[in-house]
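Scroll down for the structure; my scribbles are underneath it.
Each reported figure results from applying straightforward, stated rules to the coordinates on display, with no laboratory input. Predicted, not measured: the structure shown is a model, and the values here were computed from it. Neighbour counts are summed over all protein chains in view; Cβ atoms, including those assigned to glycine, are modelled from backbone coordinates with ideal geometry.
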Amino acid sequence: MSNFIEQCLAGLALPDDIDDFVDSWHDGDSKVSLHRYLGMSKSEYSLWVADPGVLPYIINAHYFGRDVSEILGEVEALPLAARSDGPEKALKLMRWLKREGMWE
């Protein structure tokens, strides 16, 4: 079975379906950690837990084969008027994880 991120990239799942995947993980007996079950790195999972609004950026990073920190950095560089609901909490957490040496 493919993970949540892979299914999103294949057009088989939507970002809003993530709660169903989390429920399936809890209901099942998977030996895989939740972040792996979802298809995220530990860092991406930490960002998502802190700010669920960062999920589209994580999916985008996987689509383009880039680190989510690059995608978030590009969003941060946009003029304020060009940003929607920017991922400010996720950016702060990402910086902290990097400072603490916990960013994968």
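The simple spin-label model puts a point 7 Å past each Cα toward its Cβ; for Glu74 and Asp23 those points are separated by 3.4 nm.
Of Leu34, Leu12, the sequence from fewest to most neighbouring Cβ atoms within 10 angstrom is Leu12, Leu34.
Legend: ranking of residues Phe21, Phe4, Phe64 from fewest to most surrounding C-beta atoms inside 10 Å; resulting order Phe64, Phe21, Phe4.
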